[in-house]
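A quick write-up on the structure given underneath.
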Amino acid sequence: MAQVEGRNPVLELLRSNGDVRFVQVAQGLEGEEVIQEILRLAEKRGIQVKFTSRQQIKKLSLTDIDQGVIAFTAQLPTYVPLRKILKAEKKDIFVIVLDEVQDPQNLGSILRSAEATGVNVVVIPKRGSVGITAAVHRVSMGGSAYVPVARENLFTALKLLKEEGVRCVATDPSGSIDYFEAKLTGPLALVLGGEDKGVSPVLLAKCDLIIRIPMMGRLTSLNVGVATAIVMYERVRQQKSD
């Protein structure tokens with residue numbers, strides 16, 4: 001059995017009709033607004049709520065940031081085939097492709113931003129990347145309950161995306177133009193690299209365009225979660241301008 005921890009992650013899991021077996025809540029929190037909404041949704045869906053001590057919640061927690069509530073599920077959301085998403089989304093699909101992001105904090109942050117910016121699917125590699133974990137769920141603050149994640153061979157994924165008419169644009173310091181000068185509307189896949197290596201040279205060669213985020217200080221790169229959010233919101237800006 002898997003678990004999702006924290007008030008907002010549990011709340012969004014319940015709102016998304018995720019498969020929740022039961023919820024445990026620390027005693028004494030019943031009067032708090034978010035907890036009341038969790039209890040209301042659990043009752044509406046016929047999900048058992050167990051009240052227990054704060055100490056017991058801490059013992060059960062896998063993230064140490066449980067906020068007094070844990071939802072137990074049959075399993076964490078399963079990965080979705082990229083091909084299935086491409087068949088369902090016919091217009092202006094928005095895909096994020098992550099090349100070996102290993103920090104659950106970063107993947108969780110990206111999923112949260114992805115939900116806010118209309119991303120249809122996040123693609124991660126089969127190996128060398130963090131998957132969907134309790135920590136990823138916690139950091140995503142519910143984003144992981146709504147944004148599908150596909151676990152694919154990235155070279156095959158880019159080939160499939162191109163065959164479906166999706167432009168593949170990588171974000172990398174070697175980029176030829178600044179991100180705000182590139183056209184980011186229409187069917188688009190943004191490719192970003194992991195914490196240590198960035199986007200692999202072989203994967204960069206498969207992309208239609210490489211853009212960069214200009215750095216005005218002494219550092220040469222940004223955290224991948226921050227970089228992804230910056231470019232995602234540039235797409236939102238361009239869509240609104242159009």
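Rounded to the nearest whole Hz, the Karplus-based 3J(HN,Hα) values (6.51 cos²θ - 1.76 cosθ + 1.60, θ = phi - 60°) of the stretch 97-102 follow the sequence 10, 10, 8, 6, 7, 10, with x at glycine and proline.
Counting other Cβ atoms within 10 Å of each Cβ, which trypsin sites (Lys or Arg not before Pro) in the stretch 178-211 have at most 16 and sit in a DSSP loop?
The qualifying sites are LYS183, LYS197.
For ASP208 and SER241, the difference between the fully extended length at 0.36 nm per residue and the C-alpha to C-alpha distance is 9.6 nm. Look at where the Cα atoms of the stretch 77-109 and of the stretch 129-165 average out, and the two centres are 3 Å apart.
Could you order peptides 135-142, 154-161, 118-125, 210-217 by the average number of other Cβ atoms within 10 Å of their residues, highest first?
The densest-packed peptide leads the list: 135-142, 118-125, 154-161, 210-217.
Placing +1 on the Cβ of every Lys and Arg and -1 on the Cβ of every Asp and Glu, with nothing else charged, gives the stretch 144-242 a dipole about its Cα centre of roughly 40 debye.
Ranking VAL231, ALA2, LEU190 by how far each Cα lies toward the positive end of the dipole of the chain (charges on Cβ) leaves ALA2 at the top. The trypsin sites (Lys or Arg not before Pro) of the stretch 1-106 meeting both criteria, a DSSP state outside H, G, I, E and B (loop) and at most 15 other C-beta atoms within 10 angstrom of the site's C-beta, are LYS90, LYS91. Restricting attention to the chain, close to 25% of DSSP beta bridges with both partner residues there are antiparallel. Entry for the stretch 101-242 at q = 0.09, 0.12, 0.16, 0.20 Å⁻¹: log10 I(q)/I(0) = -0.25, -0.45, -0.84, -1.37, Debye formula applied to identical alpha-carbon scatterers, no solvent contribution. The alpha carbons of the chain give a radius of gyration and a Dmax of 19.3, 57 Å, in that order.
Over 28 Å between Cα atoms, which of LYS44/LYS87; LYS91/LYS206; LYS50/LYS126; LYS59/LYS126; LYS87/LYS126; LYS84/LYS126 qualify? With Cα atoms farther than 28 Å apart: LYS44/LYS87; LYS50/LYS126; LYS59/LYS126.
Which residues does the label zone of ASN223 cover in the stretch 114-131, counting backbone N under 20 Å from a point 7 Å along Cα→Cβ? So the set is 114-117, 129-131. By the equivalent-ellipsoid construction on the alpha carbon gyration tensor, the stretch 42-184 comes out with semi-axes of 33, 17, 14 Å, ordered largest to smallest.
Using a cutoff of 8 angstrom between alpha carbon atoms and counting only pairs six or more residues apart, the relative contact order for the chain works out to 20 percent.
Placing one equal scatterer on every Cα of the stretch 2-73 and applying the Debye formula, the log10 ratio I(q)/I(0) at q = 0.19 Å⁻¹ is -0.64.
Bear in mind these aren't lab numbers, they're just calculated from the coordinates by the rules spelled out. As the structure is a computational prediction, the values presented were derived from the model and not from experiment. Every residue, glycine as well, gets a Cβ built from its backbone with ideal geometry; the counts of neighbours run over all protein chains shown.
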